[in-house]
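Trainee: Got a structure for you, written out below as structure tokens; questions coming shortly.
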Amino acid sequence: MTLENKTILVIGGGISGITAAVEAAEVGFEVILIEKEAYLGGRVARTYKYFPKMCPPSCGMEINFKRIRNNPRIKVLTLSEVTKITGDAGNFEVSVRKNPRFVTGRTAIPSSVVDKLSSEIDSDFNLGMNQTKALYYPHPMAFPPQYVLDKEALSPEDRAILENECGEGAIDFDQQPEELTFKVGAIIAATGWSPYDAQKMENLGFGRCENVITNVMMERLSDQTGPTQGRLIRPSDQKEIKNIAFAQCAGSRDEKFLPYCSAVCCMGSLKQARYVLEKDPEAHVSIFYIDIRTISRHEKFYYDLLENDRVTFIKGKVAKVAEDPNTQDLLIEAEDSLQGAKIHQTFDLVVLATGVVPNTAHAKIPYEGLQYDEYGFIRPNGVKGIYSAGCIQRPSDVSRCVRQATGAALKAIQCLKG
Ligand SMILES: Cc1cc2nc3c(=O)[nH]c(=O)nc-3n(C[C@H](O)[C@H](O)[C@H](O)COP(=O)(O)OP(=O)(O)OC[C@H]3O[C@@H](n4cnc5c(N)ncnc54)[C@H](O)[C@@H]3O)c2cc1C
């Protein structure tokens, strides 16, 4: 039996959601893509380079944005969240809240006007490591390519500048959240992941020692569009980083914190070690690990680094990170399990390889009957007509997410075709 409603709703505009959307639309299905941030791309947009090829995320993303731009069947709603889903396969009703951007896109906003503003907010894109104007372009590769206004953060003086100097209709200060309803035949959930809260591991010093950062912060620190324009300098004193430690399984594979392996953190740190080696020919990297989990073709990535004499691998979990109050250098305590020796070593910066938590651990897809495992990952194929892809299902790298998303699009199409 062929189902009547042929529209597919995709929730989450990261690499998984984008892939599912373009694959379904390019074979003729109408797609609505819902993203809660102001731009598409998810976590991948925030990385400096992709493993294994080490190209910037713009490589893959630009092609996908072009596919979306050129396909009238895809409707993209940013700053939007699904609040309720009812019905069954072929006949779902979906409620969506669309939050105001305040920037209408009807008239271009001159950057000279933005430069005059003094109201600032923490940069969400750079994980709070620097500030941005209250009227901001989310990041250089942002799609849709539009400014966003944080109206609450705008001073009265800055509001007057925008009212007087932006073209007429460029900003609508009266925009309100909109409640929208859609009828769709199938749904693909791809709401992705967030980093595990590093402050939970008190022994590792995050939040207490300024020079302890997380792996996602390291991506931004390395990027030319990041808070230091890609210079590897310490948060505490802007000193160049010459001696850096990566603490693997920071909270992961630990019953007290995140019991599972997040699958991508070993490759993430090996990749970030390469950032350091490439950026500074004098810098040295130490990687503290339980096991290095690189599979298949990724193994070569690891073996190449094993031969590099500027990288030291220490088989031992970091037990403690302490800060020297005078220098803000970091003292690591660990046990080298191959040598059977205690280690006390000092570093300029420590990067915690924190794990992947599904966003559905905290915010479920609002449909009765969907099932999740004990960590909040969605169980695939629980409900006919609702499919999932990417890190909502389990921690995965980009190529695996893309394959899953293509599969989810196919399942949605099969469902609609009966
Ligand atoms: C430090 C680190 C480095 C990494 N580097 C690499 C790498 O080099 N190469 C590689 O292959 N993989 C890498 N990964 C893994 C990569 O980040 C993931 O594979 C990828 O982000 C998964 O994409 P996704 O679309 O499933 O999820 P996400 O990227 O998390 O995208 C999900 C999207 O859904 C949106 N969303 C969330 N909730 C809602 C909601 N309720 N409604 C609407 N939208 C919502 C989010 O805003 C986001 O845009 C790395 C991971 C880490 C931890």
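The values are calculated or read from the model by the stated rules, or taken from the named source; none is laboratory data. Small disclaimer: the values here were computed from a predicted structure and weren't measured. Quick reminder, even Gly has a Cβ in these numbers, built from the backbone with ideal geometry, and neighbours come from all protein chains shown.
Trainee: If you scan segment 37-53, which residues turn out to be at pLDDT 95 or above and assigned to a loop (DSSP other than H, G, I, E, B)?
Mentor: Correct list: Glu37, Ala38, Tyr39, Leu40, Gly41, Thr47, Tyr48, Lys49.
Trainee: Among the candidates Asp291, Asp309, Asp280, which residue alone is away from the ligand (no atom under 14 Å from the Cβ), of a type in the set (D, E, K, R) and closer than 28 Å to Ser399 by Cα?
Mentor: Among Asp291, Asp309, Asp280, only Asp291 is away from the ligand (no atom under 14 Å from the Cβ), of a type in the set (D, E, K, R) and closer than 28 Å to Ser399 by Cα.
Trainee: Looking at Gly13, Gly41, which is the one that is closer than 23 Å to Pro195 by Cβ, among the small types (Gly, Ala, Ser) and in contact with a strand residue (DSSP E or B) (Cβ under 8 Å, 6 or more places away or on another chain)?
Mentor: Numbers: Gly41 fails: in contact with a strand residue (DSSP E or B) (Cβ under 8 Å, 6 or more places away or on another chain).
One residue alone meets the criteria, Gly13.
Trainee: Of all residues in segment 166-200, count the ones that are within 16 Å of the ligand (Cβ to nearest atom) and of a type in the set (Gly, Ala, Ser).
Mentor: Qualifying residue count, segment 166-200: 5.
Trainee: Report yes if some residue within segment 201-210 is closer than 18 Å to Val357 by Cα and more than 15 Å from the ligand (Cβ to nearest atom); otherwise report no.
Mentor: Yes, segment 201-210 contains a residue that is closer than 18 Å to Val357 by Cα and more than 15 Å from the ligand (Cβ to nearest atom).
Trainee: Working only within segment 22-62, note down all residues that are of a type in the set (Asp, Glu), under 28 Å from Asn5 (Cβ atoms) and more than 8 Å from the ligand (Cβ to nearest atom).
Mentor: First, the residues of segment 22-62 that are of a type in the set (Asp, Glu): 23, 26, 30, 35, 37, 62.
Filter again for under 28 Å from Asn5 (Cβ atoms), leaving 23, 26, 30, 35, 37.
Residues satisfying the conditions are Glu23, Glu26, Glu30.
Trainee: Which count do you get for residues in segment 378-415 that are of a type in the set (Lys, Arg) and within 8 Å of the ligand (Cβ to nearest atom)?
Mentor: Residues that pass the stated criteria total 1.
Trainee: Pairs, please: C-beta under 6 Å, at least 6 apart or cross-chain, first residue more than 18 Å from Ser16 (Cα to Cα) and in segment 44-61, second aromatic (Phe, Trp, Tyr) and part of a loop (DSSP other than H, G, I, E, B)?
Mentor: So the pair list comes out empty.
Trainee: Ser111 versus (1) within 30 Å of Ala186 (Cα to Cα); (2) at pLDDT below 95; (3) surrounded by fewer than 20 Cβ atoms within 10 Å (Cβ to Cβ): which is the lone unmet condition?
Mentor: (1)
Trainee: So in segment 345-395, with the set limited to residues that are in contact (Cβ under 8 Å) with a residue 60 or more places away in the chain and among the aromatic types (Phe, Trp, Tyr), which one is nearest to Val82 (Cα to Cα)?
Mentor: Here the residue is Tyr367.
Trainee: Look through Val276, Val285 and report the one residue that is free of Cβ contacts under 8 Å to residues at least 60 places away in the same chain, surrounded by 18 or more Cβ atoms within 10 Å (Cβ to Cβ) and in a helix (DSSP H, G or I). Before the answer, list the steps.
Mentor: Values: Val285 fails: in a helix (DSSP H, G or I).
Exactly one residue qualifies, and that residue is Val276.
Trainee: Scan segment 67-102 for residues that are in contact (Cβ under 8 Å) with a residue 60 or more places away in the chain, away from the ligand (no atom under 12 Å from the Cβ) and under 22 Å from Ala142 (Cβ atoms) and report the count.
Mentor: So the count comes out to 4.
Trainee: Still on this structure: May I ask you to list the residues in segment 347-377 that are under 25 Å from Leu221 (Cα atoms) and within 11 Å of the ligand (Cβ to nearest atom)?
Mentor: Within segment 347-377, Val351, Leu352, Ala353, Thr354, Gly355, Val356, Val357, Pro358, Asn359 meet the criteria.
Trainee: Here's another thing I want to ask about it. Exactly one condition in (1) modelled with pLDDT under 95; (2) outside the structural domain of Ser286 (by TED's automatic domain parsing) is not met by His362; state its number.
Mentor: Unmet condition: (1).
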